[in-house]
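Quick notes on the structure that follows.
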Amino acid sequence: GMQLGAVGMSGQVHTWAEEGFPLALLTRLRAQGFEVFISADHGGAEAQGIGKPQEGVLSEKRGERCRIYTDPALQKTCLSTFPQAIPWNNPGLPENICSLLAPYGKAFTQDGTTLLCHGGAALEEVCVPFIRISAIAT
C-alpha cells in the first residue's frame, strides 16, 4: 500500500524514529533483560509498472510481480504481450502450475506506476537484515 515507493517508506520510518518510539521500546526491552533481534519481512522491492495483463479470469493468481497459470498456453499468451517477463515452469512448483515473473524492478500494473511490493526475482526476496541489539547508546 506504499504510495510513494521507497521514498515514502523511508519517510515513514524516519518520522517513526524521530518520534522516539523505537529507541524507547528497545531501551525498555534491554532494561527488562530481553535479548533483542530485529529482522524484516522479505521483499519491499520498488517496482515500476509495465502494464497490466488483461486476462479476466484466465490466470489463477494475478499478482503484481507474478502471474500463475494452470495452462501453459495462457502463460504463452501473456508472454507474447510482455516479452520481457520471465517464464517459470515447474522447478519447485506443482506439475500443473506455471508462472510468469515480472522482470527485476518491474510489476504487472499500470505503466509508469511506482510500487513497493513483494514477490518476483529480486535479491530483496531472499536476503533480509538480521540485527542483534546488544546495547543501547543514549
> Arranged from highest to lowest average of other beta-carbon atoms within 10 Å per residue, in what order do the peptides 71-79, 113-121 appear?
Replying inline: 113-121, 71-79
> How big is Rg to Rh over region 6-128, alpha-carbon atoms, Rh as the Kirkwood inverse-mean-distance radius?
Replying inline: 1.15
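May I ask you to derive the FRET efficiency for Trp16 and Ile86 from their Cβ-Cβ distance with R0 = 35 Å, giving the value to the nearest 0.05?
Efficiency at R0 = 35 Å is approximately 0.50.
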> Which order, highest average first, do 29-35, 106-112 follow once you tally other Cβ atoms within 10 Å for each residue and take the mean per peptide?
Replying inline: 106-112, 29-35
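Each value in this text was obtained by applying a stated rule to the coordinates, not by laboratory testing. Just so it is clear, the model here is predicted, and its values are computed rather than measured. Neighbour counts run over all protein chains shown; Cβ positions are idealised from the backbone, glycine included.
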